[in-house]
């Protein structure tokens, strides 16, 4: 009777050890087996919190700039910002523009929320 108990215990240890090795292998090499072609490059360009669990993000995904609203249970596309006209400035123009805005605008006018308001008004 003692021999059968020892055999059963050793068999149980062998099974648990084998399962442990299997889980280790899957954890280490399982991510490499997945298809990596479906990944989309996302960048968060800006974020504003509206409420504790509600946010607005400006993201860039595959060359498109999107304004999205995120809540606890929902994600909505609010606007596509890739169609907005952008102008490239030289370094001198950028310095002059920064000097103008720092003199004429207050800190509240340069906030992210005022930027979002101006974007939403233009659409």
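FYI, it's all coordinate maths here, none of it is from the lab. Treat the numbers as computed from the prediction; the structure is a model and nothing was measured. Cβ sites come from the backbone with ideal geometry, for glycine too, and all protein chains shown count toward neighbours.
If packing is taken as the mean number of other Cβ atoms within 10 Å per residue, what is the order of 61-68, 18-25, highest first?
Details: 61-68: 13.5, 18-25: 10.1.
Averaged packing, sorted descending, gives the order 61-68, 18-25.
Which order do 112, 9, 57 fall in if you start with the one that has the fewest other Cβ atoms within 10 Å?
Details: 112 13, 9 10, 57 17.
Least to most surrounded, the residues fall as 9, 112, 57.
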